[in-house]
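Novice: Provided herewith is a single structure, encoded as structure tokens, for subsequent inquiry.
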């Protein structure tokens, strides 16, 4: 009778573990789908706004740059490239604010 009780306990233990793992996997996937959809929408909104080319157009028009050169600058996505570089430098500067003692354990 002891082996039956041990086998039953082992089966119930593995069944509960399997069910809990399944529930946690399902919750993780649901959270991923929700966050992925939300971040995709946010990314689409920021891509549609494209403030870098708008700012560059105004700055170049105020500087009396010829319209052909403005078109060329926008065609090679120079404002977007500059925005990416400035963002990367800003992130690097923010990372430098973290003390080295915390990051180099």
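The values are calculated or read from the model by the stated rules, or taken from the named source; none is laboratory data. No experiment lies behind these values; they were computed from the predicted model shown. Cβ placement follows ideal geometry from the backbone for every residue including glycine, while neighbour counts extend to all protein chains displayed.
Novice: Take residue 24 and tell me if it is in a helix (DSSP H, G or I), over 23 Å from residue 85 (Cα atoms) and not assigned by TED's automatic domain parsing to the domain that holds residue 84.
Specialist: Against the criterion (in a helix (DSSP H, G or I), over 23 Å from residue 85 (Cα atoms) and not assigned by TED's automatic domain parsing to the domain that holds residue 84), residue 24 qualifies.
Novice: Check 6, 30 and return the single one that is within 34 Å of the chain's Cα centre (by Cα) and surrounded by 10 or more Cβ atoms within 10 Å (Cβ to Cβ).
Specialist: None of the others qualify; the one that does is 30.
Novice: Within segment 35-57, identify whether any single residue is exposed (fewer than 10 other Cβ atoms within 10 Å of the Cβ), modelled with pLDDT under 90, more than 25 Å from the chain's Cα centre (by Cα) and assigned to a helix (DSSP H, G or I), and answer yes or no.
Specialist: no
Novice: Just to check your reading of the model, which residue among 70, 95 is touching a helix residue (DSSP H, G or I) at 6+ places or on another chain (Cβ under 9 Å), loosely packed, with under 10 Cβ neighbours inside 10 Å, without any contact (Cβ under 8 Å) to a residue 40 or more places away in the chain and not in a loop (DSSP other than H, G, I, E, B)?
Specialist: Step by step, each of 70, 95 is checked, and only 95 is touching a helix residue (DSSP H, G or I) at 6+ places or on another chain (Cβ under 9 Å), loosely packed, with under 10 Cβ neighbours inside 10 Å, without any contact (Cβ under 8 Å) to a residue 40 or more places away in the chain and not in a loop (DSSP other than H, G, I, E, B).
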